[in-house]
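Everything below concerns the one structure shown next.
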């Protein structure tokens, strides 16, 4: 629920989650280091699902950990939006 008491629509929830996940990914990787990224978010019947595929250069940053962190950030952003 937003500050004015309005419940956000599903599209807003999905966009909020996707933006948060993308922000985490590109805060950890330069865009040039990412070969492919796919963030799929669904929100149906109050259930949020976030699926992230990341093909990025391995090195100091573990892509699997980044995708987990991105999914958690997406969930947190939606929690903040709805509470």
Restrict the check to the range 39-50 and report whether at least one residue is in contact with a strand residue (DSSP E or B) (Cβ under 7 Å, 6 or more places away or on another chain), over 17 Å from residue 11 (Cα atoms) and either assigned to a loop (DSSP other than H, G, I, E, B) or at pLDDT 95 or above (or both). no
Considering residues of the range 39-70 that are touching a residue at least 40 places away in the same chain (Cβ under 8 Å) and under 23 Å from residue 83 (Cα atoms) only, the residue farthest from the chain's Cα centre (by Cα): 69
Which of the residues that make up the range 26-38 are outside any helix (DSSP H, G or I) and over 23 Å from residue 81 (Cβ atoms)? 29, 30, 34, 35, 36
I'm told residue 25 meets every condition in (1) in contact with a strand residue (DSSP E or B) (Cβ under 8 Å, 6 or more places away or on another chain); (2) surrounded by fewer than 10 Cβ atoms within 10 Å (Cβ to Cβ) except one. Can you identify the failing condition by its number? (2)
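The values are calculated or read from the model by the stated rules, or taken from the named source; none is laboratory data. These numbers were taken from a predicted model, which means no experiment stands behind them. Neighbour counts are summed over all protein chains in view; Cβ atoms, including those assigned to glycine, are modelled from backbone coordinates with ideal geometry.
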